[in-house]
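Where a number appears in this text, it was derived from the coordinates with a stated rule and is not lab data. Note that this is a predicted model, so its numbers are computed, not measured. Backbone-built Cβ (ideal geometry, glycine too); neighbour counts: all protein chains shown.
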């Protein structure tokens, strides 16, 4: 069975400062992009989401680690992380070479100078990465990439077709209309979910002036918190383990809420009467990026891993096993299911233009405002604790 992120709610973090990059070859002072890839050092220490670095131990037929080791001579030592906060903490130790960071962690890693700029010329398969994943706010700074895109997905609105009628096409169903489903609404258990409320308000209450769901001043954050507190009265449970969400929808404990495409696919495969849609307001989403530690002990093997993990065949294997859209356009020719990329909208940039990918909120407003102080992730974390009570 395909695996997805087993994420739990993030814990508090300190205030964030944006890092700046200088030129195409260097980033923050002291962090310089590697210029060449030499002989491998014999090992690479990896932090990854479950399902991203499979070596056959979970399923003998699912193994892209051992072929890499055989091809490069770099032994892979994998630490599976359960949350973005865990990844950030592990990278701070300097004991790991690379990490599959999500957008709610990448800016923290850049700001703390825990990761180095990436020389994309040293990753030949980068040329085939979908353009919509290159030079994004969550993986680059001032024209300099800080990682190699891995894959992406949208946070969809999922509902039971036998319990929710008419079919919803708006996030209104889980916000303003949540009271129609008392105790049956579910939502993702993380401070980053505040962005989902902000996105809805951005479309429905233009007077608030929200331009980016991850760039909220105090007034805008307060409005999102108020909406989520209202929703809280109808929440049955917040989810972080996707398998538990599948079970909740199958049993009817949840009838509507946000979900990933892989959750909908799994629920349908288990005969649950569900449907997942991208609402008319658009949605939040996630995109993971392989980043290299600024203190990497095995940088050559790390670069070899980055090029391997997004090579067409391997990227297709990971995307199929995990349940996501691959980053490499050529991977769509390699998936076991010929319809995989269509199901996950891998090559549909118009679809992903409607998706606001997770980006760590910072005090420097990400929407370009210069005379306003925005709320950072630490404030969002405190607000989330208040919302959940």
| Taking region 38-104 on its own, what percent of its Cα-Cα pair distances exceed 21 Å? | 28 percent
| said: So the label point goes 7 Å from the Cα of residue 354 along Cα→C-beta, right? Which residues of region 313-348 then have their backbone N under 18 Å from it? | reply: 325, 341-348
| query | Label-point separation (nm) for residue 43 and residue 226, each offset 7 Å from Cα along Cα-to-Cβ? | reply | 5.5 nm
| Volume of the Cα convex hull of region 122-199, divided per residue and given in Å³ | 146 Å³
| query | Relative contact order of region 160-297: what whole-number percent is it, with Cα pairs under 8 angstrom and at least 6 residues apart? | reply | 36 percent
| task | Give the peptides 166-178, 138-150, 216-228 in descending order of average Cβ contacts within 10 Å, highest first. | result | 138-150, 216-228, 166-178
| query | Tell me, what is the FRET efficiency for residue 142 and residue 211 to the nearest 0.05, using R0 = 25 angstrom and their Cβ-Cβ distance as r? | reply | 0.75
| note | Expressed in µm² per second, the diffusion coefficient of the chain from the Stokes-Einstein equation, with Rh the Kirkwood radius over alpha carbon pairs, at 4 °C and 1.567 mPa s, is 61 µm²/s
| In what sequence, highest mean first, do 62-73, 317-328 appear when ranked by Cβ atoms within 10 angstrom? | 317-328, 62-73
| said: Please state the shape class of region 269-389: rounded when a/c is under 1.5, otherwise prolate if a/b exceeds b/c and oblate if not, all from the C-alpha gyration tensor. | reply: oblate
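When a/c reaches 1.5 or more, the comparison of a/b and b/c decides; with that in mind, is region 140-286 rounded, prolate or oblate per its Cα gyration tensor?
Since a/c reaches 1.5 but b/c is at least a/b, the shape of region 140-286 is classed as oblate.
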| query | With N residues in region 228-277, what two-decimal value do you get for its Cα radius of gyration over 2.2 N^0.38 Å? | reply | 1.11
| said: Using 10 Å bins from zero, what percent of all Cα-Cα pairs in region 80-134 falls into each bin? | reply: 20, 47, 31, 2
| field | Additional length obtainable on full extension of the chain from residue 128 to residue 233, 0.36 nm per residue less Cα span | value | 33.2 nm
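If each DSSP helix of 4+ residues adds -39,500 (n - 2.57) and the sum is divided by the residues in the chain, what number results at 222 nm, nearest 500 deg cm²/dmol?
Details: 12 runs with 113 residues, N = 389.
Value at 222 nm, helices only, nearest 500: -8500 deg cm²/dmol.
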| query | Per residue and in Å³, how big is the convex hull formed by the alpha-carbon atoms of region 332-389? | reply | 153 Å³
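Using a Förster radius of 25 Å, what is the FRET efficiency between residue 336 and residue 163 based on their Cβ-Cβ separation? Nearest 0.05, please.
0.15
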| Please state the relative contact order of the chain as a whole percent: Cα pairs under 8 Å, 6+ residues apart? | 28 percent
| message | Run the numbers for residue 204 and residue 378: contour at 0.36 nm per residue of separation, minus the present Cα-Cα distance, in nm. | response | 60.0 nm
| task | Be a star and scan region 30-60 for residues whose amide nitrogen sits under 17 Å from the point 7 Å along the Cα-to-Cβ vector of residue 79. | result | 43-53
| residue 61 paired with residue 280, simple spin-label distance in nm, labels 7 Å along Cα-to-beta-carbon | 4.3 nm
| field | Gain in span if fully extended, residue 135 to residue 32, counting 0.36 nm per residue against the direct Cα distance | value | 35.3 nm
| By average Cβ neighbour count within 10 Å, what is the ranking of 355-368, 286-299 from highest down? | 286-299, 355-368
| remark: By the C-alpha gyration tensor axes a ≥ b ≥ c (rounded if a/c is under 1.5, else prolate when a/b exceeds b/c, else oblate), the shape of region 218-319 is oblate
